1. Out of C:229, C:260, C:222, I need the residue that is buried (at least 20 other Cβ atoms within 10 Å of the Cβ) and over 17 Å from the mean Cα position of the chain (by Cα). Which one?
2. Being at the interface with chain C (Cβ under 8 Å from one of its Cβ atoms) and either touching a Gly at 6+ places or on another chain (Cβ under 9 Å) or of a type in the set (Val, Ile, Thr) (or both) is the filter here; which residues of segment A:439-458 pass it?
3. Could you please find all residues in segment C:176-212 being among the charged types (D, E, K, R), surrounded by fewer than 17 Cβ atoms within 10 Å (Cβ to Cβ) and assigned to a helix (DSSP H, G or I)?
4. Whether any residue in segment B:90-101 is free of Cβ contacts under 8 Å to residues at least 60 places away in the same chain, among the acidic types (Asp, Glu) and surrounded by fewer than 24 Cβ atoms within 10 Å (Cβ to Cβ) is what I want to check.
5. For segment A:438-455, what are the residues that are open to solvent by 30 Å² or more (accessible area, probe 1.4 Å) and within 18 Å of residue A:34 (Cβ to Cβ)?
6. Sort out which residues of segment A:79-136 are more than 14 Å from chain C (Cβ to nearest Cβ) and on the phi > 0 side of the Ramachandran plot, and write them in order of number.
7. Taking segment C:183-230, which residues are away from chain B (no Cβ under 12 Å) and of a type in the set (Lys, Arg)?
8. Would you check if residue C:107 is among the small types (Gly, Ala, Ser), assigned to a strand (DSSP E or B) and out of contact with any Asp or Glu (no Cβ under 9 Å at 6 or more places or on another chain)?
Amino acid sequence: MHHPRAWLAAALVAGVGFPASLWAQEPAQGNALLIRAEHLIVKPGVVLENAQVSVKDGRIVAVGVDLQPLPGAQEVRGKWVSAGLIDAWSTLGVDPESVADGNVTPATRSADAVDPWLQAHLRREALRAGVVAVRAQAGLAARVGGVGAVVRLAEGLDDAQRFVARDAVMWATVGLGAGAPGGFQIVDGEFVQMPGQRGMDVFERIDMVDRLLAQVVAGRGYLVAMNEHKHELAEWKKKVSEKEAELEKDAKKAKKDRDKAESDAKEKGKPFEEKKYKEDFKKPADPRFDEDSEAWSLVADGAIPLLVHVNRDAELRALLAGLEGVGRLRLVVAGGAESARHAKHLAKQGVAVLVNALPMGSGRSDEYDAHDLSLAARLGKDGVKVAIGSGGMSPDATRDLALLAAQLVGHGLPRVDAMAGVTTNAAEVLGVERAMGTVEVGKHADLVVWNAEPLSTAASAEYVVSAGRVVLAPEQQ
Amino acid sequence: MSSRQANLTIAAFAAAFLCVAPAQAEKGKVGQKVSSVSAKKVYTGTGKVLEGGVVAISGGKIDSVSGGGSEEFHAITPGLVDLGARAGAILWSVEQSNEVTARLSNSAALDPWGLEWDRLVKSGVTTVLATPLDQNVVGGLSQVLKTAGEDSITARTVRKDSVLRGAMGQQPSQRNSPAFGRPTDFYARRPTTRMGVEWEWRSAFHKTALGQNEGGERETLMKALKGEVVLSIAAWTTQDIRTAVFAVEEIKQKELFRSQGLDKPRVVIDAAAEAWKEPQLLARSGIPVVLPPFTATGRTREGALLPRNAADELRKAGVVFALSAHGSGAYDSNLAVQAGAAMSGGLPFDEALKAVTSTPARLVGADARVGSLEEGKDADLALWNGEPFEPTSRVVAVIVDGVLVWDGRD
Amino acid sequence: MMLATFLVLALGGGDVALRADKVWIDGSTSIDKGMVLVRDGRIVEVGAKLDLDEGVRVVECQGHLTAGLVALGAKVGVADAALDPTRPAMPEARVAHALCRDDAGFAALRAQGVTSVVITPEAAKLVPGATAVAKTSGALVSERAHLSVVFGASALSLNREPTSYARQGEMLSELFARPEGALLAAKRGQLPILFEVQSKPELRRAIEFARERKLTGALSGAPLAGELAKEIAESKLAVVVDAGGAGEPRREALAMVELAKAGVPFGFGLDGPRNPWQNLRLVAALAVRHGMPRQAAHDGLTRTAASIAGLSERAGVVKAGFDADLVLWSGDPLELSSAPKAVWIEGALVHGAVQ
């Protein structure tokens, strides 16, 4: 699980100054494709009738109502077309042991645990249900689960196509089950949540928030130190080069002087002593590299969102208060069972909530006896951005993401917001909104051709396009 | 195996006549009836070998075994028989509310959809004895059944409730504890020692002879003492084997049993790892044994010693024995591997073949149907890509009751 | 107390006609812009256009009107009181005696559009006792609706007899060989049996047991029951499909579809207090996604479930003479995006509002 070297390499690629996009891997070249839709959901709330999407080399190159196919383009048609659904809270694709691993560190990259051959049948079923990508996350039992990845589910993709983002989000848990026995366990190879966490008291939970905040602050300090060092290094290099230029200029004179001094010494029979130059500028010492601080610095700078699984009021309040001063940080609340009380504040701060859409009844063994499916609707009413996930409890539930989203509509969430929760908003909380989530020019071509409206009971995917390739077609059914 | 050799003749419907082999060889379709199959060598399990042999099949039975056929496979042997297969030996297969539950049948604990059957089939095993878990002194009635066929235990059963299973030694007493001062559960029960286990056995026999038990218990134990059902006793170590033999000899000698015709039990000692230590005793008593799987260390998990030459030593002493893999389908420990291991300990091939086919079939009274390739017997065949039991060979296809149930050829 | 509250919310003293965008009589018949006339808690008339007496109040309902859903095998109102594993059999026990009518679960079920429920004792012994049928208003309809008989391993224990399938079968045979009371009623076909099973071998043993003794009732629990649909159809037993919820294995979803194909009567059940109420409809939707006809899924939630619950003469269908147990949905009832807007039990509004 732990790959400091891999992390180091990635950190170097990503750079400490943070590039605009971390999904640096380009999908490989693919064939041209034209998709004809009776109803094209460009993005939630925007539907074009009898429209087409033109795809080339893995990207959407045109969206419109009178498009002609590119030369040699494969043509696909269907009733409904939308962006592929994204399950922002899944465990599909990561082995149960890694998911339940309580000994991960903030620098642990879930991407290293992604197994493209694992749970092949579940992936196929999820694709058939229109889910093209998930957040792969190891370390759900740890307080800080490390860096999650956004992964495409289709088989036969190469690594560059498989990862939408290798380093997508930082995942942390406050309260329920984090780092304590009785939390997440593997039973018969299945990953399940075990009872035993109800007793965790409010002080412990707030203490967990404080520790989390301290790590973010330390990450920011590390970032500042790194940037200062970079600055000092640049300064030193500049001074050295100035001195070198000066020496170069004086080189001829210096040589003459040296030759003279040498011949003088010979004449006098004295030994010649070379003049010694003391180094004028000391190179600034390399700062100590620390992989965990490095990871937290990405979070502190807002390069990757921070997803905090937090349910109750007290710790939610502590978290929001504590992070107010941390400028660029992008906080996402996951779970948020009591977050509706803070909806207005969340909306104002631009903090999105990733809701767990899985009905749990009284089987839920954490702080709650029940699980209110109207949470998403209540948050949405107050303007909070809502993403919808299948809850990360079992890899099989990812398949039913669309049904779970539809169920939230039944519990008061506007249909358009439910669709956003599994496309645009899901992409946004995972920091991949520039790559996926809508059917717009420039986006990666991750598309679903449906037989019916995506949130309807009968809906299933006829075609799935992933990274520009048709990865599922009716004849494979 | 080249495609030229692979020439399994398949008839879509039951064919009462011998089918002409099609020109083009291809992999057979699982679930289809086979009308004939041929190989370079057909080992009938009765000591005969037919070069270029053909086994003709109709109605699930063997029509004839003759020479002069083509060579679809390298070798054909009878489907293998494992008397210690442990199939369905789940926790719920034994009634632990009593130490002696002779009347109860384990057939309810058998699952025709279980994954174990597939593993057994792929290792060439077509008939097994399924026994309850050895948690009781007398665990109950056991089934001889096929490893493939209909999704129904009834349909697959060759001989229903034909073997009474029990265990000698420590196993039935393990984890039991006396009830004093403890909360009552089923581990607070008898017997708690090896001596207690032996007492339970003798008590069951004597109660039966003295008319002190009743109902199904009595009926079943009577059948066992009269030899109407086979009595299979698990006994791993020398001491357990001796105890079992002495218990049987006591019955045969005592007037109490003799006078009622209760002195004819047909006993098989299962898992008799240390039988090689007492060859004379076993030869004298005429009790056959089933050996547990060989291990790399020569010591079994139960602490019994089992060297590679154990089987050959028993042969030399004239003890009848069968081999068992205890249900393993793994490539390094399945029943064919056990035969190979016994051969590496000196056992001749013919004897090894018998020990996994005709002998075990005979020990449970199923030899009229399985265990050898003879006219009129069930068409249960293991098809090999090389010489049977050689480490370089494996079973590549299996036929049960004339139906191709697995074809593992490329 | 609770009933009194409902009466206040009832559709008034006299006749009331509900007019909805669509009225579903059952899974296969619907009337666009249909009307349902209700009097004294019963449905009096159903049709596209009714000749109404003067003074009959007409309530305009936007959405689809269906019969109230019937949940089979729920553990509502009993919590742990339905669990007693210490004895092998308690045929005379009745889960109704443990029922707490104020359980919050009833309100939660009403909010899901469920109006009737079969409450089962925990399957932790061979014969755990009689099931109860209640309206989700808390009113008991029957305190001895079925006799629960367990063929599953859940009846086996290491602390008492039986510990084995073999003895389980033997003991059940003994119980039915000399039946008294509830067992006698069950043997005579006066009391249907709910056979609790899990695996396919258990299911098959239950079928054989029922066939040999000519017993009637339903098989409850086996998620793969549909894989033996033909055998079940021959047995004339019904099936209670336990709602597994999101992520239900494809194989189980396909098995449900097989039940429908083979014409086996089936209804959906919630197998325990841990099963969220939402799963009842979620699993019906999953079955539809995997190929079950909508009509079969609809009937599995209403008509057929009612008949398994013993309510075939009074619930599960929007029909004259039946209880006015009705649900007004915001849209198609099999779409999860639809929700119950209003729920009536015997004419009393028990959840939501028409507007």
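1. Numbers: C:260 fails: over 17 Å from the mean Cα position of the chain (by Cα); C:222 fails: over 17 Å from the mean Cα position of the chain (by Cα).
Just one listed residue meets the conditions, C:229.
2. Initially, segment A:439-458 is screened for residues at the interface with chain C (Cβ under 8 Å from one of its Cβ atoms), giving A:455-458.
Passing the criteria: only A:457.
3. First, pick out the residues of segment C:176-212 that are among the charged types (D, E, K, R): C:178, C:180, C:187-188, C:196, C:200, C:202, C:204-205, C:208, C:211-212.
Next, from what is left, pick out any that are surrounded by fewer than 17 Cβ atoms within 10 Å (Cβ to Cβ): C:178, C:180, C:188, C:208, C:211-212.
Selection gives C:208, C:211, C:212.
4. No: segment B:90-101 contains no residue that is free of Cβ contacts under 8 Å to residues at least 60 places away in the same chain, among the acidic types (Asp, Glu) and surrounded by fewer than 24 Cβ atoms within 10 Å (Cβ to Cβ).
5. Initial filter on segment A:438-455 (open to solvent by 30 Å² or more (accessible area, probe 1.4 Å)): A:440-442, A:451, A:453.
The answer is A:440, A:441, A:442.
6. Within segment A:79-136, just A:93 meets the criteria.
7. C:187, C:188, C:211, C:213, C:214
8. Numbers: among the small types (Gly, Ala, Ser): yes; assigned to a strand (DSSP E or B): no; out of contact with any Asp or Glu (no Cβ under 9 Å at 6 or more places or on another chain): yes.
Taking the combined requirement at face value, the residue does not satisfy it.
The values are calculated or read from the model by the stated rules, or taken from the named source; none is laboratory data. This one's a predicted model, so the numbers in the text were calculated from it and none came from an experiment. Note that we place each Cβ from the backbone using ideal geometry, even for glycine, and neighbour counts take in every protein chain shown. For accessibility, only protein heavy atoms count, side chains too; no ligands or nucleic acids. Shrake-Rupley method; radii C 1.70, N 1.55, O 1.52, S 1.80 Å.
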